[in-house]
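Read the figures in this text as sums done on the coordinates, not as results from a lab. From a predicted model like this one, the values you see are computed outputs, not experimental measurements. All Cβ positions, even for glycine, are placed from backbone atoms using ideal geometry, and neighbour counts span all protein chains on display.
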Amino acid sequence: MDRHIYLDNAATTKVRKEVIDAMIPYFSDIYGNASSQHEFGRGAKDALEASRASIASKINADAKEIFFTSGGSESDNWALKGACMALESKGKHVITTAVEHHAVIDSVKQLAKQGFDITYLPVDCDGQVSVDDVLAAIRKDTILISVMAANNEIGTIMPIAKIGKVAKERGILFHTDAVQAIGVLDIDVKAMNIDMLCASAHKFHGPKGVGFLYVRRGIRLVKLIDGGAQERNRRAGTENIPGIVGMAKALEIMIKEREYQNERLSSMRDRMIKGLLDIPDSRLNGHISNRLPGNVNVSFDGIEGEALLVSLDMQGISASSGSACMSGLFEPSYVLMALGNGEENSRSSIRYTLGSDNTDDEIDYAVLLTKETVKKLRDISPFYKK
Ligand SMILES: *Cc1c(COP(=O)(O)O)cnc(C)c1O
């Protein structure tokens, strides 16, 4: 069997042909440094500013509020560390959730080492944070609230517009990691009262190693990368022009096709969930409807997600398991643990994330192979009670 089916679009996506075509001239012809005072430099600078304006318009921001970075991780690090360092004298309390991406969790852990006090809000069994919990956690010294727009493992969408409103009323900065949401959900930073927002091109069919941070006008961030005066003197380094052009193009296409793709993907997602839940002793992780259109995350009693992943990989299906391999041991996913699932259930999960290239036929095939493989693994599992 020679089929290869990619169902790991939350990890990264294929760069679209139109995106590659848009990038190529900026490697081969218009390769100047955007800071240079000559024709080649001006060409690069024009592309840089056109990309900035295009991206800003997609989230209702001003072009001056968009800062290019090396991706989601840098954007998260800069937003959190930069804002906390700048506001240190005002207070040292930060509110976030237990299910954020490592780029957020590890940034706030670092801040905790420097004396900041971090509240990790719990989530309900569907992975949603409650706005009441956010309100209750606010203290006099709270300077920042960081809640992701949508979760990368379970696809649950967070009530960020409501949290933005609460943050604004209390005069607290609100940051959202929108890496999984941008181009998929309708995001308006003004209407949603978002002060800082992170995105990464490779999660929406753009190139790897480029992203952006939206920072509302007037917000001061301590610099993370010192050097030249690029990005209005706030983030040093020669701009990655081909990457930035590719990111703007990819976002443009995402937004143009959003309605069509969201409908197509959510119908494939629901078809896949239905097929997988046909398997006895299976469970959906994350919210049933309030979830990203491409996310399927299911647990199967009595098996290791890791074993299922490896077996599917040998059969040409690329998915992802929740557990991370840490020094040879499979640690259950902290996101699934936060849903109150218990270790065993958390370890027995698998994530399929669909993208714009997937077809109904591929989904049906992946469901069929999963059914067969789960059965085989259970037949040899000492943990599964038949
Ligand atoms: C992928 C991801 C990141 C990190 O982005 P990179 O560009 O890979 O550094 C951060 N947050 C979320 C939710 C992600 O899915």
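Of the GluC sites (Glu not before Pro) found in segment 18-127, those that fall in a DSSP loop while having at most 16 other beta-carbon atoms within 10 Å are Glu88. When the Gaussian network model of the chain links Cα atoms closer than 10 Å, the mean-square fluctuations of Gly355, Gly286, Gly218 top out at Gly218.
Modelled this way, with points 7 Å down the Cα-to-C-beta line, the labels at Arg139 and Phe383 are 3.8 nm from one another.
Above 21 Å, the calculated P(r) of segment 199-286 contains 56 percent of its Cα-Cα pairs. The Cα-based radius of gyration of segment 133-237, divided by its Kirkwood radius, gives an Rg/Rh of 0.99. Taking label positions 7 Å along the Cα-Cβ direction at both Ala50 and Lys165, the computed distance is 4.0 nm, reported to one decimal. Within straight-line reach of Lys45, meaning a Cα separation under 14 Å, sit the following aspartates and glutamates at least 8 residues removed in sequence or on another chain: Asp29, Glu231, Glu239. Over all alpha-carbon pairs in segment 1-146, figure out the percentage whose distance exceeds 19 Å. Tail fraction, whole percent: 69. The three principal axes of the Cα atoms in segment 147-301 give end-to-end lengths of 59, 40, 30 Å, sorted in falling order.
Here the label points at Met85 and Ser289, each 7 Å from Cα along the C-beta direction, are separated by 4.5 nm in the simple model.
In plain terms, the chain from Asp2 to Tyr31 could stretch by 6.4 nm, reckoned as 0.36 nm per residue minus the Cα-Cα distance. The calculated FRET efficiency for the pair Asp132 and Asp62, based on their C-beta separation and a Förster distance of 25 Å, comes to about 0.15. Of the cross-linked pairs Lys81/Lys140; Lys90/Lys168; Lys203/Lys223, those separated by over 18 Å at the C-alpha level are Lys81/Lys140; Lys203/Lys223. Dimensions of the chain from C-alpha coordinates, computed as largest minus smallest value along each principal axis and given longest first, are 70, 53, 39 Å.
Expressed as an acute angle from 0 to 90° and rounded to the nearest 10, what is the orientation of the C-alpha long axis of helix 102-113 relative to the principal long axis of the chain? Roughly 70 degrees between the two axes. Seen from a random direction on average, the alpha-carbon convex hull of segment 296-383 projects onto 6.2 square nanometres. When Rg and the Kirkwood radius Rh are both evaluated on Cα atoms of segment 28-77, their ratio Rg/Rh stands at 1.05.
Were the residues from Lys375 through Glu331 laid out at 0.36 nm apart, the gain over their Cα-Cα distance would be 13.5 nm.
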